[in-house]
Amino acid sequence: MNNKTSEILYDLLYESSEEEVVSYISNNTDSKMLHYIAYNYNWDNGFAVPCAIIKNKYCDLGTALMIFELAEGYMLFFEEQPEDFFEEHMRFVLDLKSRIENNDFKYSDLKYAPSLSRVEIFKLKKSAPDICNIFINGTDGEEIDIPVI
């Protein structure tokens, strides 16, 4: 990772319109860059950017799992419909959960380990005994340094 990547990320996430960011993502073939964007995205800005990332055919399974965690998708395993999820948020996490469970993400090159404590894992397994292991164990693959902007 280099300064050029950080500059691109900064320009995308702080200087570009949502339409420009979505267009960049739609035309991007670099799974690492999609991962970097997802990690640095400000969730207060809505779901257009995360939706574009998970729709990109180069979106890695590790990136999808990270987005699921960042979108607070794990609440689905504890509550049928989390109280603080609005309709668009609920649709997003339900769709992403389903796509992860159905192995819709073709690549699994990037390592991602959910930040779950042992207590949280225990509660997850108790609350959702049929949970896919990927939600607990994460993905194998390359560990990458993610630029934080």
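Bear in mind that the values in this text are calculations on the coordinates, not laboratory data. As the structure is a computational prediction, the values presented were derived from the model and not from experiment. Here the Cβ is made from the backbone with ideal geometry for all residues, glycine too, and neighbour counts use every protein chain on show.
Given charges of +1 on the Cβ of Lys and Arg and -1 on the Cβ of Asp and Glu, with all other atoms neutral, how large is the dipole of the chain about its Cα centre, in debye to the nearest 20?
Magnitude of the dipole: close to 580 debye.
Per-residue HN-Hα couplings for region 13-23, Karplus 6.51 cos²θ - 1.76 cosθ + 1.60 at θ = phi - 60°, whole Hz, x for Gly and Pro?
So the J values, rounded to whole Hz, are 8, 10, 10, 9, 6, 4, 4, 5, 5, 4, 4.
At a 10 angstrom cut-off on C-beta neighbours, averaged per residue, how do the peptides 64-75, 122-133 rank from highest to lowest?
64-75, 122-133
Among the listed pairs LYS4/LYS57; LYS57/LYS97; LYS57/LYS126, which have their C-alpha atoms separated by more than 28 angstrom in this model?
Violating the 28 Å Cα-Cα cut-off are LYS57/LYS126.
If each residue of separation counts as 0.36 nm, what is the full-extension length gain between PHE78 and ASN3 once their alpha-carbon separation is subtracted?
Computed gain between PHE78 and ASN3 is 22.9 nm.
Helix-only mean residue ellipticity at 222 nm, the chain, DSSP H runs n ≥ 4 weighted -39,500 (n - 2.57), per residue, nearest 500. What is it?
-14000 deg cm²/dmol
Describe numerically, in nm with one decimal, the distance between label points set 7 Å from Cα along Cα→Cβ at TYR10 and at THR29.
2.9 nm
Going by how many other beta carbons lie within 10 Å of each one, how would you line up PHE78, PHE92, PHE86, fewest first?
So the residues, fewest neighbours to most, are PHE86, PHE78, PHE92.
Taking amide H atoms as placed 1.01 Å from N in the peptide plane, list the residues 5 or more away in sequence, or in a different chain, whose amide H sits under 5 Å from that of ILE144.
The answer is LYS111.
Considering the dipole of the chain built from charges on the beta carbon (Lys and Arg +1, Asp and Glu -1) around the Cα centre, which of VAL21, LEU94, PHE135 is farthest to its positive end?
Among VAL21, LEU94, PHE135, the one farthest towards the positive end of the dipole of the chain is PHE135.
Using θ = phi - 60° and the Karplus curve 6.51 cos²θ - 1.76 cosθ + 1.60, what whole-Hz ³J(HN,Hα) does each residue of region 143-149 get, with Gly and Pro shown as x?
7, 10, 7, 9, x, 9, 10
Which value, in Å³ per residue, describes the convex hull spanned by the Cα atoms of region 3-137?
Taking only Cα atoms, region 3-137 has a hull volume of 112 Å³ per residue.
Given H placed 1.01 Å from N in the peptide plane, which residues other than close sequence neighbours of TYR107 have an amide H under 5 Å from its amide H?
Sorted by chain and number, the residues that satisfy this are LEU61.
So what J values fall out for region 117-126 if you push phi through Karplus, 6.51 cos²θ - 1.76 cosθ + 1.60 with θ = phi - 60°, rounded to Hz, Gly and Pro as x?
Along region 117-126, the couplings run 6, 4, 5, 5, 5, 4, 5, 4, 5, 6 Hz.
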